[in-house]
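Novice: One structure, pasted below without further comment.
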């Protein structure tokens, strides 16, 4: 296991009092353990936290007019390598947990009902389950060019496929849509990745095969450890680190850093 410190600094310039819903706090799970956190607002305002339907820790607040800043930091023990499971079986729909069923359906940015023919061509000859997802991951990596900065706002998987390029979120959307089109549950993940260049928040996807979730990342030649997941959802609409209501473009800067720690936090 590896200890990683991730920080995120967000600055807004509010034109008026603005309600925000944030998803900025990682939570401990099977692949990560959060040992220490800080969360600072400037100026300080009351915050209400709740857990959404996907298990994400969300924060509600009303930001004041003027400059408003958020600083988060988390020291997390993460997996050095993520599990792979070639040959892991396809789980029949009637045997899926109820919590997984939502990840079978088309969603705003993952129109899986439009990808069936392509997906069947991609997975032809592969054993149903993990091996099919591995084929999909490989196809996205080789067919959709990973171009950081090429897509400033979310676009759908069909648009990404037509363009032939996109940011990490876009490649993950295509992977999710292809998986769902052959009845494999898939979800989008947003978080941090140590060593990512250029450094920013990162997105990848997970597929449910063999009775559990497995990680796939078509932006990387092989799946890397050193990840901290912040949010899970059907697509980018569910995992945005902030939603603003009632104002225009108010984000002035966002800076991310991810560093290795020499040992466990003291």
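Every number in this text was worked out from the coordinates using simple rules, so none of it is lab data. These figures come from a predicted structure and were not determined experimentally. Heads up, the Cβs are rebuilt from the backbone with ideal geometry, glycines too, and the neighbour counts pull from every protein chain shown.
Novice: Ranked by Cβ crowding within 10 angstrom, fewest neighbours first, how are 103, 130 ordered?
Specialist: Sorted ascending by nearby Cβ count, the order is 130, 103.
Novice: Given the peptides 132-144, 50-62, 108-120, arrange them by the average over their residues of other C-beta atoms within 10 Å, most packed first.
Specialist: Sorting 132-144, 50-62, 108-120 by mean packing, highest first, produces 132-144, 108-120, 50-62.
Novice: Compute the FRET efficiency between residue 94 and residue 127 as 1/(1 + (r/R0)^6), taking r as their Cβ-Cβ distance and R0 = 25 Å, and round to the nearest 0.05.
Specialist: That pair, residue 94 with residue 127, gives E of 0.80.
Novice: Please give the length that would be gained between residue 34 and residue 159 if that part of the chain were fully extended, namely 0.36 nm times their separation in residues minus their C-alpha to C-alpha distance (nm, one decimal).
Specialist: 41.4 nm
Novice: Between 188, 178, 104, which gets the highest mean-square fluctuation from a Gaussian network model of the chain, Cα cutoff 10 Å?
Specialist: Result for the chain, Cα springs under 10 Å: 104 fluctuates most.
Novice: Now for a separate question. Taking neighbour counts of Cβ atoms within 10 Å as a proxy for exposure, in what order, fewest first, do 173, 202, 44, 71 appear?
Specialist: Fewest to most other Cβ atoms nearby, the residues stand as 44, 71, 202, 173.
Novice: Sticking with the crude label model, points 7 Å out along Cα→Cβ, report the distance from residue 7 to residue 101 in nm, one decimal please.
Specialist: That separation, rounded to one decimal, is 4.6 nm.
Novice: Among 207-218, 85-96, how do they line up from the highest to the lowest mean number of other beta-carbon atoms within 10 Å?
Specialist: The packing order, highest mean first, is 207-218, 85-96.
Novice: Could I have the simple spin-label model distance between residue 199 and residue 113, label points 7 Å from Cα toward Cβ, reported in nm to one decimal?
Specialist: 4.3
Novice: Given R₀ = 30 Å, FRET efficiency for residue 81-residue 120 by Cβ-Cβ distance, to 0.05?
Specialist: After rounding to 0.05, the efficiency reads 0.45.
Novice: Quick one: order 12, 153 by neighbouring beta-carbon count within 10 Å, fewest to most.
Specialist: Least to most surrounded, the residues fall as 153, 12.
Novice: Follow-up question, since we're still on this one. So what is the 222 nm mean residue ellipticity for the chain from helices alone, if each DSSP H run of at least 4 adds -39500 (n - 2.57) and you divide by all residues, rounding to the nearest 500 deg cm²/dmol?
Specialist: Mean residue ellipticity at 222 nm (helix-derived): -5000 deg cm²/dmol.
Novice: As an exercise, use a Förster radius of 35 Å and the Cβ-Cβ distance of residue 222 and residue 150 to find the FRET efficiency, rounded to the nearest 0.05.
Specialist: 0.95
Novice: Once you place label points 7 Å from the Cα toward the Cβ at residue 17 and residue 142, how far apart are they in nm?
Specialist: The answer from the label model is 5.7 nm.
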